[in-house]
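Written out below as structure tokens is the structure these notes cover.
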Amino acid sequence: MSQVEPIVKEEIAEIKKAFRRMLRSIKAEVTPRDKVNIRKAFEIAVDAHSNQRRKSGEPYVLHPIEVANICAKEIGLGPTAIVSALLHDVVEDTPVTIEEIKEEFGDKIGSIVDGLTKLDGTYSYNSPQAENFRKVVSTLIEDVRVVLIKMADRLHNLRTIGSMPHDKQLKIAAETNYIYSPLAHRLGLYNIRLEFNDRCFEITNPEVYDEIKDKLKDSKKQRQRYIQEFIRPMKAKLEALNVPYRITGRPKSISSIWNKIQTKNVSFEEIYDLFAIRIIVDVPPEIEKNICWQIYSLVTDVHSPIPERLKDWITTPKSNGYESLHTTVVGPKGRYVEIQIRSERMDEIAERGFAAHWKYKGVKDQRDVYEMWLDSVRDILEDDEHGDPVEFLSDFKTNLFKEEVYVYTPKGEMKILPKGATALDFAFSIHTDIGYHATAIKVNNKLVPMGYELKNGDQVHVTISKNQKPKDDWLKMVITGKAKSKIRSSLKEEKRKQGEIGKESLERKLKHLKVDFDSGVETLVRDYNYQNHPELFYDISIGKFDFSEFKKYKVHNHELILKKTKESEKSKLDTGEQAPSDPSRDGLKFNKSKILVNGEPADQYEYSLATCCNPVQGDPIFAFFTAGAGLKIHRTNCPNGTHLMANYGYRIMKAEWVDQESSSFVVNLLITGVDDGPGVIQRLTDTVSNKLGLNIRSFNIEGQGGYFEGKMDILVMNKNQVNSAINTLKNLSGISNVIREK
């Protein structure tokens, strides 16, 4: 965003048109008072942003209007959220204050806008992104509309991200994949989650994205014909039910197709269930379950079902409120087709999640799944109020699980936990005190370790003792955010109590040396790289920090001074600043490296290629400042990249290859195919070594049941050689697929 010339006459007409379009999108009831507030918010936003423009050059105020439009049209929010969305950037980017917003619109809208405003000033931790998100989440438990508007804001930013530099796009995509997409899933925002995933995939894997997009476009008419052929024999049976229904069919998202290609190790052409068919009935809630099962019976009378693919989320809804009946059947020409059967009510909840949930609250006699989830978020916030925001974000993320396991208390009450949850997670999910004091756990009447991974249908009984306390190794036995935060909180409290002994010892020592206590503690914390004072006190109490260290210091003016000081060559990484360049190097002519970082030769830094993704010449890359190993160069689609960019965005630097090809890079290929005897090894090695002229560093192959899987490490000069090797090997007889692992 930049300060430029004010809005011109033609743009005013465009802004008014966008505002009217947004008003038409509002589906909720709007009172006369709401109309006044929406108009007033619009006028304040236009005036406040009048001299601001987006990177694309358009008036900035179009952004909050479009965010409000997404809130109304795609999430289904009402007037309060619309007003807040229109004002969501005015406090952060203009002279308008929160106090003025509250005075004009009341405390509720003021609180939502405040929750949407980034933190100001100096950050106390090393991840401003995580600290800002903790602020958003802390407001979420008071009013979920804060996060829903944040979702709309992020979605519009992604839709208009083309004008931003690619390194900024990568950071936004990583943050979205890391936290916003899982959160959209947890809040039931199905369409928004899919669009998040696809738009981020387009940024990180543009070539693959375009390839799958083109293939979907080419096969569109063929898919439509197939869907008609699939539906035709069922129509008469469905109409005989005499209930209103509609049938839709749409392809899977591009990112989910790619995930299937990767996980199933198949090509695009080999994916049978490229699309899902949805049958939606318009019936009263009291008969919808019965009708959905009748339709399932009709579908499976016509097309053969695959029993293990039946998923009943009508009887037991997902923890985000999702209800639907899923099955996969064998359609015409032997193709697998996924069928989703649901009511109009279920469909609206599936599409709009939390917002629709409030509309239908009380329709079904079941507990409030969202309120239970928000309670668990409150628990994490309480325990991490003054903790590390990156730690908090990690705990919070475990509450955004996609796959679930259903287990039971001894009295038969069902508990929904994330897949992979343990017996100890269950204990904490019942009550914090049960978790703290758990001594033994039985599953299905058999004693199990606390780290036992729960399975669907398990019945769990926890035995407690008041003398039991959480231990360090408990953190390795749990996966849920609540259990982790509660255990960590208990351990911190125990360490704090233990640390009081160390603090008293240090006070006596510094008093004897005639050193000011606060100054002495700060010096020791800084010089020995402690995160905080309690850590130092604890180490003193257990003898890990020995008072013999004081021999390194002298006392001057009641302060500790190192007897010998050296100028630290430490990188300015911790402050987010760039390391100083070497004045002996002058531009590219001294650049012995293959990489530019922020437009300058990378060899002015200590740098290396990351082994987690093995980038090669031509791969899109970024640079990351590590805490002690200089710069690491990663591929933009590195499996660790999302975490790094989402939590430590300020450490990310733009990186690009210099047009040199004097070095070799290691690439790992996974090759699968039909095992037709010894000849397959010769074909593969001969093709790589002789036809492609590449060196093979290692090659392992295993075969069973007529199928083989080989792992080959080859040395290449650039990305073109990687692509050439993959395409050439794929075309060999008997080879089903070749993918680059890392």
>> Under 7 Å between Cβ atoms, which residue pairs at least 6 apart in sequence (or on different chains) link something in the range 413-431 that is charged (D, E, K, R) and surrounded by fewer than 24 Cβ atoms within 10 Å (Cβ to Cβ) with a partner that is at pLDDT below 90 and assigned to a loop (DSSP other than H, G, I, E, B)?
In response: LYS419/PHE401; LYS419/GLU403
> Could you count how many residues in the range 468-491 are surrounded by fewer than 17 Cβ atoms within 10 Å (Cβ to Cβ) and in contact (Cβ under 8 Å) with a residue 24 or more places away in the chain?
Replying inline: 3
> Quick one: in the range 281-291, which of the residues that are in contact (Cβ under 8 Å) with a residue 24 or more places away in the chain and not in a helix (DSSP H, G or I) is nearest to ALA240 (Cα to Cα)?
Replying inline: VAL281
>> Just the residues that are farther than 16 Å from GLU413 by Cβ and not small (Gly, Ala, Ser), please, taken from the range 445-462.
In response: ASN445, LYS446, LEU447, VAL448, PRO449, MET450, TYR452, GLU453, LYS455
> Among the residues of the range 326-343, which ones are farther than 17 Å from ILE231 by Cβ and in contact with a strand residue (DSSP E or B) (Cβ under 6 Å, 6 or more places away or on another chain)?
Replying inline: HIS326, SER343
> Just checking, how many residues over the range 612-641 are within 20 Å of ASN723 (Cα to Cα) and not in a strand (DSSP E or B)?
Replying inline: 13
>> I'd like the full set of residues that are at pLDDT 85 or above and part of a loop (DSSP other than H, G, I, E, B), limited to the range 588-610.
In response: ALA610
> Among the residues of the range 674-694, is there at least one that is free of Cβ contacts under 8 Å to residues at least 60 places away in the same chain, of a type in the set (S, T, N, Q) and in a loop (DSSP other than H, G, I, E, B)?
Replying inline: no
> Looking at TYR530, TYR538, which is the one that is within 28 Å of ALA627 (Cα to Cα), part of a helix (DSSP H, G or I) and not hydrophobic (A, V, I, L, M, F, W, C)?
Replying inline: TYR538
> Going through the range 299-318 one residue at a time, which ones are in a helix (DSSP H, G or I), aliphatic (A, V, I, L, M) and either out of contact with any helix residue (DSSP H, G or I) (no Cβ under 7 Å at 6 or more places or on another chain) or surrounded by fewer than 18 Cβ atoms within 10 Å (Cβ to Cβ) (or both)?
Replying inline: VAL302
> With ARG246, ARG225, ARG278 as the choices, which residue is outside any loop (DSSP other than H, G, I, E, B) and either modelled with pLDDT under 90 or among the aliphatic types (A, V, I, L, M) (or both)?
Replying inline: ARG225
> What about SER571, is it among the hydroxyl-bearing types (Ser, Thr, Tyr), at pLDDT below 55 and under 35 Å from the mean Cα position of the chain (by Cα)?
Replying inline: yes
> Do we find a residue being more than 24 Å from the chain's Cα centre (by Cα), outside the structural domain of PHE268 (by TED's automatic domain parsing) and assigned to a loop (DSSP other than H, G, I, E, B) anywhere in the range 698-708?
Replying inline: yes
> Given the residues GLN129, GLN169, which is the only one that is modelled with pLDDT of 85 or more, over 26 Å from GLU43 (Cα atoms) and either crowded, with 19+ Cβ neighbours inside 10 Å or in contact with a Pro (Cβ under 8 Å, 6 or more places away or on another chain) (or both)?
Replying inline: GLN169
> Restricting the range 319-344 to residues that are touching an Asp or Glu at 6+ places or on another chain (Cβ under 7 Å) and either part of a helix (DSSP H, G or I) or among the hydroxyl-bearing types (Ser, Thr, Tyr) (or both), which is surrounded by the most Cβ atoms within 10 Å (Cβ to Cβ)?
Replying inline: SER343
>> Pairs please, first residue from the range 294-305 and assigned by TED's automatic domain parsing to the domain that holds LEU238, second anywhere and crowded, with 16+ Cβ neighbours inside 10 Å and of a type in the set (S, T, N, Q), Cβ atoms under 6 Å, 6+ apart in sequence or on different chains.
In response: PRO305/THR327
> Do we find a residue being more than 19 Å from ASN157 (Cα to Cα) and either surrounded by 15 or more Cβ atoms within 10 Å (Cβ to Cβ) or not small (Gly, Ala, Ser) (or both) anywhere in the range 51-58?
Replying inline: yes
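The values are calculated or read from the model by the stated rules, or taken from the named source; none is laboratory data. Not measured: the values here are computed from a predicted model. With ideal geometry, Cβ positions are generated from the backbone for all residues, glycine too; neighbour counts draw on all protein chains shown.
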